[in-house]
Every structure is written in C-alpha cells, then in structure tokens.
C-alpha cells in the first residue's frame with residue numbers, strides 16, 4: 001500500500017473535513033509493497049510484484065517484477081533477480097537486473113552483476129564480474145549475434161587479403 005499524507009483537508013463541496021484514503025499500489029506505480037526494517041532477519045525465498053525495501057538481513061533467493069531496494073543497513077546473502085536493483089548496503093550473491101542496477105556510494109557487492117544499465121557512485125565496492133547485456137540480448141543470441149558487439153559470429157572470420165592469389 002502506498003503511503004499518502006493523512007492530514008485533514010476539505011472537500012470542494014462546502015468545507016467538510018475529509019481524510020484522504022490510501023491507494024493500492026500497482027507494479028506500474030512502483031509503490032512500496034513491503035519493508036524489512038533494520039533488526040529484522042529473514043531466510044527463504046522472497047518473491048514480489050511491487051517495490052520492496054530491505055534494511056535488515058535476508059538470506060536465500062529474491063525475485064521481483066519491479067524494484068528491490070537494499071538500504072544502507074541491509075545485509076543480503078542471496079541470488080537476486082529483479083527488474084531494477086538499488087543497493088546502498090551489502091549484497092553477497094549474484095544480481096541479475098532486467099533493466100538497471102544502481103550502486104550507491106555505500107554499496108558493497110560480492111558477486112556477479114548482469115544488467116543492461118549500471119550506475120555506480122564513487123565509493124561503491126564490487127568484487128565480481130560485470131556483464132552488460134542489452135534488453136534484447138535473447139533475440140540477438142538466437143540470431144547468432146553477440147551481446148558484446150552486436151556483430152554476427154560469421155563476421156568475425158578473418159578476411160582473405162586482397163592480394164592473395166589462389167593457385
């Protein structure tokens with residue numbers, strides 16, 4: 001559930017005080033759907049559709065259709081698969097993001113990162129391999145293209161020199 005201001009206001013029909021009601025979040029709005037606070041510890045498999053923020057400890061697997069936020073006090077030991085991952089805390093494990101990975105200056109990652117877009121603030125630490133993929137890399141692979149340079153594998157064969165004569 002997305003959080004809104006719960007202050008009292010007036011409606012447009014005559015000054016009757018009203019209290020706004022909270023709205024239900026959806027994947028398109030990116031509302032915060034869960035929050036694991038500092039001091040909390042969880043172990044297992046976490047799967048969600050909206051945005052989740054973790055400031056506590058989590059161990060296991062995380063999969064998301066939207067955004068995972070690892071706060072500064074967050075300590076994650078997990079394989080992460082999400083659309084967007086924003087890290088300010090510590091992650092031990094591989095991170096695969098369909099859209100983007102953001103590493104804030106306090107981020108500490110021990111694991112591999114695979115994403116089409118990577119944002120790294122000065123001070124972030126990564127120990128692992130980086131793999132930049134394109135959003136349509138699956139289509140490229142099936143067409144014989146490489147994700148690195150977008151050229152067909154056949155184009156990598158060395159060309160014969162122009163002055164080479166065949167006997």
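Report yes if residue 137 is loosely packed, with under 15 Cβ neighbours inside 10 Å and modelled with pLDDT under 95, otherwise no.
no
Return the residues of the range 72-82 that are crowded, with 19+ Cβ neighbours inside 10 Å and either in a loop (DSSP other than H, G, I, E, B) or touching a residue at least 60 places away in the same chain (Cβ under 8 Å) (or both); say none if nothing qualifies.
The answer is 74, and nothing else.
Suppose we keep only residues that are touching a strand residue (DSSP E or B) at 6+ places or on another chain (Cβ under 7 Å) and part of a loop (DSSP other than H, G, I, E, B) within the range 23-39. Which one would you say is modelled with the highest pLDDT?
31
Among the residues that make up the range 62-71, is at least one of them surrounded by fewer than 16 Cβ atoms within 10 Å (Cβ to Cβ), touching a residue at least 24 places away in the same chain (Cβ under 8 Å) and under 25 Å from residue 41 (Cα atoms)?
Taking every residue of the range 62-71 in turn, at least one turns out to be surrounded by fewer than 16 Cβ atoms within 10 Å (Cβ to Cβ), touching a residue at least 24 places away in the same chain (Cβ under 8 Å) and under 25 Å from residue 41 (Cα atoms).
Return the only residue of 96, 91, 52, 85 being within 19 Å of residue 31 (Cα to Cα), at pLDDT 95 or above and in a strand (DSSP E or B).
The unique qualifying residue is 85.
The values are calculated or read from the model by the stated rules, or taken from the named source; none is laboratory data. Computed from a predicted model, the values in this text were never measured in an experiment. Positions of Cβ are backbone-derived with ideal geometry, glycine not excepted, and every protein chain shown enters the neighbour counts.
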